[in-house]
Amino acid sequence: MSRPRKITYHRKSRVLEVAFDDHTFDLPAELLRVYSPSAEVRGHASDQRRLQTGKKYVAITAIEPVGNYAVKLVFDDGHDTGLYGWEFLRDLGTNLERYWQEYLTELKAANASRLPAIPVGQWNPKA
C-alpha cells in the first residue's frame, strides 16, 4: 500500500484531505472519529464495535506520523488511541458514502444523535 503524498487538515470544515498518487479523499473528522480503528471504538472482535454518539462537531487537534504506515489522530474530545493506516484511510475514502449511511442508520436504530449532549444545568434558554 502506497503512503499518501500529502495529508492536510482543514480546521474550518473539519475535513482531513488525504492525497494518494491516484486519488484525493476528503474525510470528515466526525467519520474518522466514529470509525476509529482503536480498541475503544472497535472492541477486540467484529461484534464489539461501540456506536459513537454526539460527535458532529468533533475536530482533530493533532496528526502524528507513525512509522511509514499510519498516522495517529488526536481529537478534541480526548480520543487519541487510533492508528489510521494507509489502507484504512483509502478504504474510508473509497467507501465514504456507505460508511456514512451505515453510521446514520446505526444512530437511528439506537435512537441516538450526532449532536453532543448538553449536561444538565449547562443550558439556559432565553425566555
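Please treat every number below as a calculation from the coordinates, not as lab data. Bear in mind the structure is a predicted one, so any value in this text is a computation, not a measurement. In this analysis, Cβ positions are derived from the backbone assuming ideal geometry, glycine residues included, and neighbour counts consider all displayed protein chains.
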With Asp80 itself left out, Lys, Arg at +1 and Asp, Glu at -1 over residues whose Cβ is under 14 Å from its Cβ give -2
Need one number: the % of Cα-Cα pairs in the chain sitting beyond the 19 Å mark. 51 percent
Computed over the stretch 35-79: relative contact order in percent, which uses C-alpha pairs under 8 Å that are six or more apart: 24 percent
Cβ-based net charge around Arg42, under 12 Å, with every Lys or Arg adding one and every Asp or Glu removing one: 0
What range in the chain is the longest one free of trypsin sites (Lys or Arg not before Pro) that are in a loop by DSSP and have at most 16 other Cβ atoms within 10 angstrom? 57-113
If I take the Cα coordinates of the stretch 33-96 and project them onto the principal axes, what are the three extents in Å, biggest first? 29, 25, 22
Ala45 to Lys12: FRET efficiency via 1/(1 + (r/R0)^6), r the Cβ-Cβ distance, R0 41 Å, to the nearest 0.05? 0.60
Which residues make up the longest stretch of the chain clear of chymotrypsin sites (Phe, Trp or Tyr not before Pro) that lie in a DSSP loop with no more than 14 other Cβ atoms within 10 Å, not counting the sites? 1-56
Helix 96-109 versus the longest principal axis of the chain: what angle, 0 to 90°, nearest 10, using Cα atoms? 30 degrees
Normalised by the residues of the chain, what does the relative contact order come to in percent, with Cα pairs under 8 Å and at least six apart? 21 percent
Which net charge results for the neighbourhood of Asn95, defined as the other residues with beta-carbon distances under 13 angstrom from its beta-carbon, given Lys and Arg at +1 and Asp and Glu at -1? -2
Calculated on alpha-carbon atoms, Rg and Dmax of the stretch 21-64 in Å: 12.5, 34
When the helices in the chain are scored as -39500 (n - 2.57) per DSSP H run of 4 or longer and the sum is shared across all residues, what 222 nm value do you end up with, to the nearest 500 deg cm²/dmol? -7000 deg cm²/dmol
